[in-house]
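K.L.:
First, the structure itself, so that you have it in front of you.
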Amino acid sequence: MQYIEKSNKSVQEVVDTILSTVPNYKFGVLHIHNVKETLKSKGIDFNKECQILDVCNPAYAQKFLETDMSLSVIMPCKISVYTDDGSTTIAMNSLVQLVDDINPDLIELAQEVQEILLNIIEEVK
């Protein structure tokens, strides 16, 4: 399952807003994957904007990993911001669903983190 929101802002405006907003939720952006620029550096002309942000809260990460290191395969959480049909889209996979596939005992913790991430998306759109 994906959560998808549309924005009237440009991709870069949304990314910049996420960068300034996540600290208010005790999250940080570990890395931004600029897909268009990465493909361009490999000689591929890709005309859509797409930036994928790796976001993390260290306290939540510790709770997940202390319980089940295999959850590291879905960390950090990703928020994708891209252009599609001329508009900006913000998307995120369901953390609850991802965690449920690996360790159903941690669904409540996943729900807590997912709610925060959805609040961030709602605030920045």
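The values are calculated or read from the model by the stated rules, or taken from the named source; none is laboratory data. Please read these numbers as outputs of a predicted model, since none were measured by experiment. All Cβ positions, glycine included, derive from the backbone under ideal geometry; neighbour counts span all protein chains shown.
K.L.:
Kindly check whether there is at least one residue in the stretch 45-53 that is in contact (Cβ under 8 Å) with a residue 60 or more places away in the chain, surrounded by 13 or more Cβ atoms within 10 Å (Cβ to Cβ), within 12 Å of the chain's Cα centre (by Cα) and closer than 20 Å to residue 115 by Cβ.
P.N.:
Taking every residue of the stretch 45-53 in turn, none turns out to be in contact (Cβ under 8 Å) with a residue 60 or more places away in the chain, surrounded by 13 or more Cβ atoms within 10 Å (Cβ to Cβ), within 12 Å of the chain's Cα centre (by Cα) and closer than 20 Å to residue 115 by Cβ.
K.L.:
Could you tell me whether residue 39 is touching a Phe, Trp or Tyr at 6+ places or on another chain (Cβ under 7 Å), over 17 Å from residue 121 (Cβ atoms) and modelled with pLDDT of 95 or more?
P.N.:
Yes: the conditions hold for residue 39.
K.L.:
List every residue pair whose Cβ atoms lie under 7 Å apart, where the two residues are 6 or more positions apart in sequence or sit on different chains, the first residue falls within the stretch 74-90 and is closer than 21 Å to residue 28 by Cα, and the second residue, located anywhere, is surrounded by fewer than 18 Cβ atoms within 10 Å (Cβ to Cβ) and of a type in the set (Asp, Glu).
P.N.:
76/54; 78/54; 90/5
K.L.:
Something else: Conditions: (1) out of contact with any helix residue (DSSP H, G or I) (no Cβ under 8 Å at 6 or more places or on another chain); (2) closer than 15 Å to residue 78 by Cα. Residue 52 meets all but one. Number of the miss?
P.N.:
In the conditions (1) out of contact with any helix residue (DSSP H, G or I) (no Cβ under 8 Å at 6 or more places or on another chain); (2) closer than 15 Å to residue 78 by Cα, residue 52 misses (1) alone.
K.L.:
Hey, another quick one. If residue 30 passes every condition in (1) over 17 Å from residue 2 (Cβ atoms); (2) without any contact (Cβ under 8 Å) to a residue 24 or more places away in the chain; (3) surrounded by fewer than 14 Cβ atoms within 10 Å (Cβ to Cβ) but one, which one does it miss?
P.N.:
So the condition that residue 30 fails would be (2).
K.L.:
Something else now. So is residue 115 under 26 Å from residue 20 (Cβ atoms), without any contact (Cβ under 8 Å) to a residue 40 or more places away in the chain and of a type in the set (D, E, K, R) or not? First the steps, then the outcome.
P.N.:
On the way: under 26 Å from residue 20 (Cβ atoms): yes; without any contact (Cβ under 8 Å) to a residue 40 or more places away in the chain: yes; of a type in the set (D, E, K, R): yes.
Spelling it out, residue 115 is indeed under 26 Å from residue 20 (Cβ atoms), without any contact (Cβ under 8 Å) to a residue 40 or more places away in the chain and of a type in the set (D, E, K, R).
K.L.:
Continuing with this model, one more query. May I ask you to verify whether residue 49 is out of contact with any strand residue (DSSP E or B) (no Cβ under 6 Å at 6 or more places or on another chain) and modelled with pLDDT of 95 or more? Spell out the reasoning first.
P.N.:
Details: out of contact with any strand residue (DSSP E or B) (no Cβ under 6 Å at 6 or more places or on another chain): no; modelled with pLDDT of 95 or more: yes.
When the stated conditions are applied, residue 49 does not pass them.
K.L.:
Which residues, taken from the stretch 1-27, are surrounded by 14 or more Cβ atoms within 10 Å (Cβ to Cβ), of a type in the set (S, T, N, Q) and more than 26 Å from residue 99 (Cβ to Cβ)? Explain how you work it out, then say what you get.
P.N.:
Filtering the stretch 1-27 for residues surrounded by 14 or more Cβ atoms within 10 Å (Cβ to Cβ) gives 3, 5, 7, 9, 11, 13-15, 17-19, 21-22, 25, 27.
This time we only want the ones that are of a type in the set (S, T, N, Q), so: 7, 17, 21.
Scanning the stretch 1-27 gives 7, 17.
K.L.:
Name every residue in the stretch 93-119 that is touching a helix residue (DSSP H, G or I) at 6+ places or on another chain (Cβ under 6 Å) and within 17 Å of residue 30 (Cβ to Cβ), in order of residue number.
P.N.:
Once the filter is applied, which keeps residues that are touching a helix residue (DSSP H, G or I) at 6+ places or on another chain (Cβ under 6 Å) and within 17 Å of residue 30 (Cβ to Cβ), the stretch 93-119 yields 95, 113, 116.
K.L.:
Shifting gears a bit: Within the bounds of the stretch 62-73, is there any residue that is aromatic (Phe, Trp, Tyr) and more than 30 Å from residue 47 (Cα to Cα)? Talk me through it step by step, then tell me what you get.
P.N.:
Filtering the stretch 62-73 down to residues aromatic (Phe, Trp, Tyr) leaves 64.
Then drop every residue that is not more than 30 Å from residue 47 (Cα to Cα), which leaves 64.
Yes, the stretch 62-73 has at least one match.
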